[in-house]
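Every read-out reported here was derived from the displayed coordinates using simple, explicitly stated rules and does not represent laboratory data. Since the structure is predicted, the reported quantities are computational estimates derived from the model, not experimental observations. Neighbour counts are summed over all protein chains in view; Cβ atoms, including those assigned to glycine, are modelled from backbone coordinates with ideal geometry.
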Amino acid sequence: MLPASVGTWHLREIDGVAYVPLEDLRSFYKLMPLQPKGRKVAGQRLLGNGEVELLFGPAPRELFIQNRLCVLTHPVLQDASGDLLVSRSDVLNLIEPVLRPTYIANRRAVRTVVLDPAHGGHDTGTVTPYAREADVALTVAARLGAELRKRGYEVLLTQEQNQYQSPQVRVDKANSAPAAIFLSLHLNSGRSDMKGAQTYTLAPLGKNEKPLPGHEFSQSSMALAMALQSAMVEKAGAEDGGCRRAHYSPLNSLRCPSVMVELGYATNPEEGTRLSSEEYQLKVVNALADGVDAYARVMNPATVLQVQKAPVVEPPAAPVKVEPAAPAKAKPAPQKTQPRQKAARRRAPARKASRPARRNNNSRRRR
Ligand SMILES: [Zn+2]
């Protein structure tokens, strides 16, 4: 279900993916079209209401919410009349839980934080002259565990002595913990010039796919990812590699909000060296603990009133009405700024276009 709306969501299906017009999103969340500050960047669309800002583009899968990068599962498309279309899945699983976390149906207070230092034992993860993934993950997890206990959480580590644990053992530990959230800590690897922190949640359910246990918590996992990623950027000073989605084996099977945090690239000389330093590790620990706190505040039913002042819209009055629309073909939004179209032209038939290539944020990953 899309968030219930006082208006109507004009759903249309393109290449098997359900899309809604950006205009519907704008009116549902009571956002205005805004002019981005500074230099005009081709292909960008900014919506805001003084409290929240959504910047789409310039790349078709890029969305910045409050200046933080969220990589969309499906590219924003443009129909023949120049209207932008956003996938229903991205509205439901990404935009909605970030803008209105207090509306997450199965939200619950956080009691236990399960920390999963990635790899261990014979499985060293990425090893470079600058950083050893398993060692950094274990040190950060141990320090983060101590910090979170000080802040009143119960903490469970999936391994504490650099031992290898199978994904199933990690999953079983987390699934048996009461009211838990799950944070898996990794270092990334790539070209030597790649850097930045990234936070992953389970890729949303595709058409004709069987739901996995992790899909039950898609919305709260995204709210958690955004809280942690924002804290990494704002408090630890990490470069923003964005909130992303992937199929990562523990995330598939966890029955709690769960994320995988790539703290940075072990393969980048500067970032790898920094990740191995105690000074930066302590910054990361404080940032992640603050991120957990921010998420826990929103999830705690006792703080609803405070949260309601956040950038959310009024509770909707009527259930969502879905208008069946004629199947339309559309093309990825071009990399240039489009003039605003008259509302009357909005549902004009669209031209045929090729299907955009998938990017690696949906790729199947096993780590
Ligand atoms: Zn890893």
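Treat every Asp and Glu Cβ in segment 112-306 as -1 and every Lys and Arg Cβ as +1, leave all other atoms uncharged, and give the resulting dipole magnitude about the Cα centre to the nearest 20 debye.
For segment 112-306, the charge dipole is close to 420 debye.
Among Thr267, Thr112, Leu148, which residue has its Cα positioned farthest towards the positive end of the charge dipole of segment 112-306, with +1 placed on the Cβ of Lys and Arg, -1 on the Cβ of Asp and Glu, and the dipole taken about the Cα centre?
Thr112
Which distance in Å, rounded to a whole number, links the C-alpha centroids of segment 18-39 and segment 170-190?
Value for the Cα centre distance between the two parts: 35 Å.
Among the GluC sites (Glu not before Pro) in segment 200-261, which ones are in a DSSP loop with at most 12 other Cβ atoms within 10 Å of the Cβ? Mind listing them?
Glu209
Apply the Karplus curve 6.51 cos²θ - 1.76 cosθ + 1.60, θ = phi - 60°, to the phi angles in segment 268-282 and return the couplings in whole Hz, x for Gly and Pro.
Coupling constants for segment 268-282: 8, x, 6, 5, x, 5, 5, 5, 7, 8, 4, 4, 6, 4, 5 Hz.
Amide H to amide H under 5 Å from Leu157: which residues, 5+ apart in sequence or cross-chain, H placed 1.01 Å off N in plane?
Amide H neighbours of Leu157: Leu115.
Using only C-alpha atoms and all pairs of different ones, pull out the Kirkwood radius for segment 112-306 in Å with one decimal.
Across segment 112-306, the inverse of the average 1/r is 16.6 Å.
Counting only residues 5 or more places away or on other chains, whose amide H sits under 5 Å from the amide H of Ala80 once H atoms are built in the peptide plane?
When sequence neighbours closer than 5 places are left aside, the close amide H contacts are Ala350, Arg351.
Report, in listed order, any pair from Lys150/Lys235; Lys195/Lys235; Lys150/Lys283; Lys30/Lys235 with a Cα-Cα distance greater than 27 Å.
Lys30/Lys235
Determine ³J(HN,Hα), in whole Hz, for all residues of segment 224-236 in sequence, where each value follows from phi through the Karplus function 6.51 cos²θ - 1.76 cosθ + 1.60 and θ = phi - 60°; x replaces Gly and Pro.
Whole-Hz 3J(HN,Hα) from phi for segment 224-236: 5, 4, 5, 5, 6, 5, 4, 5, 4, 6, 7, 9, 8.
State the Kirkwood hydrodynamic radius of segment 122-195 in Å, one decimal place, computed from all pairs of distinct Cα atoms.
The answer is 13.8 Å.
If you consider only alpha-carbon coordinates, what radius of gyration and Dmax does segment 170-223 have, in Å?
14.4, 41
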